[in-house]
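Undergrad: Below are the structure tokens for one structure; questions will follow.
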Amino acid sequence: MQTQSLFAVLSPSARHAALLDLLAHLDATGYDFLAPTPATQARVMGRASRKVDEGVEDLLGWSLPVSGSAAGRIAAFLDRAGLLEQLGDGRVRSAVRVSRVFDNLFVHSAYPTEAQDAVFLGPDSHRFADYILRSMADLPRAARILDYGAGAGVGGITAAVHHGTAHLTLADLNPRALALASVNADHAGVEHVALRVERPDDLEGPFDLIVMHPPFMIDAARRAYRDGGDLYGGRLSVDWALAALPLLAPGGRLVMHTGVSIVGGRDVVHDALRGELPAVGYSLDYRLLDPDIYGDELVSPDYAALDRIAAVGLTIERTLTLADANG
């Protein structure tokens, strides 16, 4: 069977079950791979020694074709899920890849992620999860966690697994992202709901923790997982943060990882947030996580005005007022 597109042919429940079996098998056999940046992927794929290989990581990590015999049980799981492409020369290719982030497995889109509704996961996802884990103190036992723009669900699932007794809401515009995120949450044993929404105010709060990793690049193709809008790709970061504030419970916090453009020595996202964040009722902690990321993007004319792109983490906390304390 040749896969025409992700999520064609099979029922959602059949695909969900097959992918759960795949992740269980990978966990049992010690699979360990984290998808690299597209630039690193392209360089590794360009090596002659990497064009044809036979390992599970080549099939599910590097998105390389391998022989059907070498794929073994992995091919059977993917075939059940309708996500195995037969190349006609005895080799097969997977329509998804799998990465491990902080001991949790996540199924996401195969390389290259060129489709408008691709579900991306990479090194940024690891940095996002790490920042969340350092920002989770003092959540209530029955915490409600929202992962908005969830993608593969890395942020929300990482938070919920670490917390242990939280309920997770996975929210995204992309149905394919929600389907994969729900598989990933079930594999991690996380109680959750998956909701297709267009904007934060489509949701009903309150939430004790909201995690976000918005798109932050300038993307001429306007791919939803990548394009961050104006402000040199920073507009969605500002808009999402501000739109989510009414969803926070008293004492709740929003935790965001994003990339920001540094123009003339100034962080355009930080400047915008400082200007638009309500002066009363919220506190902002804003910190640099990596001063220089995606330097290869600066060759694009769209980035001609930039000094660099930096990774930042920001936490906005709803401060308790007297009215909140009195219920």
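Undergrad: What are the residues in region 74-94 that are over 16 Å from Asp21 (Cβ atoms) and touching a residue at least 60 places away in the same chain (Cβ under 8 Å), if any?
TA: Glu85, Gln86
Undergrad: Okay, next question. Tally up the residues in region 74-111 that are over 25 Å from the mean Cα position of the chain (by Cα) and assigned to a strand (DSSP E or B), please.
TA: Going through region 74-111 one residue at a time, the tally reaches 3.
Undergrad: Name the residues in region 1-36 that are β-branched (Val, Ile, Thr) and either buried (at least 16 other Cβ atoms within 10 Å of the Cβ) or at pLDDT 90 or above (or both), would you? Give the steps one after another, and end with the answer.
TA: Within region 1-36, the first condition is being β-branched (Val, Ile, Thr), and the residues that meet it are 3, 9, 29.
Once the filter is applied, which keeps residues that are β-branched (Val, Ile, Thr) and either buried (at least 16 other Cβ atoms within 10 Å of the Cβ) or at pLDDT 90 or above (or both), region 1-36 yields Thr3, Thr29.
Undergrad: A further question on this structure: With respect to Ala39, determine if the residue is at pLDDT below 95, farther than 23 Å from Ala179 by Cα and loosely packed, with under 13 Cβ neighbours inside 10 Å.
TA: Values: at pLDDT below 95: yes; farther than 23 Å from Ala179 by Cα: yes; loosely packed, with under 13 Cβ neighbours inside 10 Å: yes.
Here the answer is yes, as Ala39 does meet what is asked.
Undergrad: Please pick out the residue among Asp201, Asp172 that is crowded, with 23+ Cβ neighbours inside 10 Å, acidic (Asp, Glu) and in contact (Cβ under 8 Å) with a residue 12 or more places away in the chain. Steps first, please.
TA: Details: Asp201 fails: crowded, with 23+ Cβ neighbours inside 10 Å.
After applying the criteria, what remains is Asp172.
Undergrad: Scanning for something in a loop (DSSP other than H, G, I, E, B) and at pLDDT below 95, does region 65-73 turn up at least one residue? Don't jump to the end; show me each part of the working.
TA: Looking only at region 65-73, we keep the residues that are in a loop (DSSP other than H, G, I, E, B), and these are 65.
Okay, now just the ones that are also at pLDDT below 95, so 65.
Yes, that holds for at least one residue.
Undergrad: Pairs under 6 Å by beta carbon, first residue surrounded by fewer than 12 Cβ atoms within 10 Å (Cβ to Cβ) in region 291-304, partner among the hydroxyl-bearing types (Ser, Thr, Tyr) and not in a helix (DSSP H, G or I), six or more apart or different chains?
TA: Short answer, once both residue conditions are applied: none.
Undergrad: Let me ask something else about it. Scan region 220-233 for residues that are more than 18 Å from Ser109 (Cα to Cα) and under 19 Å from the mean Cα position of the chain (by Cα) and jot them down.
TA: Matches in region 220-233: Gly228, Gly229, Gly233.
Undergrad: Can you work out which of the residues in region 252-298 that are of a type in the set (Val, Ile, Thr) and more than 25 Å from the chain's Cα centre (by Cα) is farthest from Asp147 (Cα to Cα)? Even if it seems obvious, please write down each step before you answer.
TA: Taking region 252-298 as the starting set, the residues that turn out to be of a type in the set (Val, Ile, Thr) are 255, 258, 260, 262-263, 268-269, 280, 293.
Checking the rest, the ones that are also more than 25 Å from the chain's Cα centre (by Cα) come to 263, 280.
On the way: Val263: 30, Val280: 25 Å.
Among those that are of a type in the set (Val, Ile, Thr) and more than 25 Å from the chain's Cα centre (by Cα), it is Val263.
Undergrad: Restricting to region 11-48, name every residue that is hydroxyl-bearing (Ser, Thr, Tyr) and either under 18 Å from the mean Cα position of the chain (by Cα) or farther than 23 Å from Asp124 by Cβ (or both).
TA: Going residue by residue through region 11-48, those that are hydroxyl-bearing (Ser, Thr, Tyr) are 11, 13, 29, 31, 37, 40.
Correct list: Ser11, Ser13, Thr29, Thr37.
So that you can scan it fast, the table gives a plain yes or no per residue for (1) surrounded by 24 or more Cβ atoms within 10 Å (Cβ to Cβ); (2) touching a residue at least 40 places away in the same chain (Cβ under 8 Å); (3) of a type in the set (A, V, I, L, M, F, W, C):
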position	(1), (2), (3)
Asp147	yes, yes, no
Gly151	yes, yes, no
Gly155	yes, yes, no
Gly164	no, no, no
His167	no, no, no
Arg176	no, yes, no
Asn184	yes, yes, no
Glu191	no, no, no
Leu195	no, no, yes
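Undergrad: Looking at (1) in a strand (DSSP E or B); (2) of a type in the set (Lys, Arg); (3) at pLDDT below 95, which one does Arg274 not meet, given that it meets all the others?
TA: (1)
Undergrad: Another one. For the structure I just gave you, tell me whether Arg226 is among the basic types (Lys, Arg) and either more than 19 Å from Gly313 (Cβ to Cβ) or touching a His at 6+ places or on another chain (Cβ under 7 Å) (or both).
TA: Working: among the basic types (Lys, Arg): yes; either more than 19 Å from Gly313 (Cβ to Cβ) or touching a His at 6+ places or on another chain (Cβ under 7 Å) (or both): yes.
So Arg226 fits the description; yes.
Undergrad: Can you pull out every residue in region 70-100 that is over 25 Å from Val154 (Cβ atoms) and of a type outside the set (Asp, Glu)? If you could, list the steps in order and put the result at the bottom.
TA: As a first pass, look at region 70-100 and keep what is over 25 Å from Val154 (Cβ atoms): 70-73, 75-76, 79, 85-92.
Ala70, Ala71, Gly72, Arg73, Ala75, Ala76, Gln86, Leu87, Gly88, Gly90, Arg91, Val92 - these are the residues of region 70-100 that are over 25 Å from Val154 (Cβ atoms) and of a type outside the set (Asp, Glu).
Undergrad: Turning to a different aspect of this structure: Only one of (1) without any contact (Cβ under 8 Å) to a residue 60 or more places away in the chain; (2) within 30 Å of Gly46 (Cβ to Cβ); (3) small (Gly, Ala, Ser) is not met by Ala160, so which one is it?
TA: Ala160 satisfies all of (1) without any contact (Cβ under 8 Å) to a residue 60 or more places away in the chain; (2) within 30 Å of Gly46 (Cβ to Cβ); (3) small (Gly, Ala, Ser) except (2).
Undergrad: Next up: List every residue pair whose Cβ atoms sit under 8 Å apart, with the two residues 6 or more apart in sequence or on different chains, where the first one lies in region 112-135 and is of a type in the set (Phe, Trp, Tyr) and in a helix (DSSP H, G or I) and the second, anywhere, is crowded, with 23+ Cβ neighbours inside 10 Å and modelled with pLDDT of 95 or more.
TA: Phe128/Val154; Phe128/Gly155; Phe128/Val211; Phe128/His213; Phe128/His257; Tyr131/Val255; Tyr131/His257
Undergrad: Now for a different question. Output the number of the condition that Ala244 fails; it satisfies all remaining conditions of (1) at pLDDT 95 or above; (2) surrounded by fewer than 21 Cβ atoms within 10 Å (Cβ to Cβ).
TA: (2)
Undergrad: Right, next: Checking Asn104 against (1) under 14 Å from Gly153 (Cβ atoms); (2) in contact with a strand residue (DSSP E or B) (Cβ under 8 Å, 6 or more places away or on another chain); (3) not assigned by TED's automatic domain parsing to the domain that holds Gly164: exactly one of these is not met. Which one?
TA: The one condition Asn104 does not meet is (2).
The values are calculated or read from the model by the stated rules, or taken from the named source; none is laboratory data. As the structure is a computational prediction, the values presented were derived from the model and not from experiment. Because the Cβ atoms are built from the backbone with ideal geometry, glycine has one as well, and the counts that use them run over all protein chains shown.
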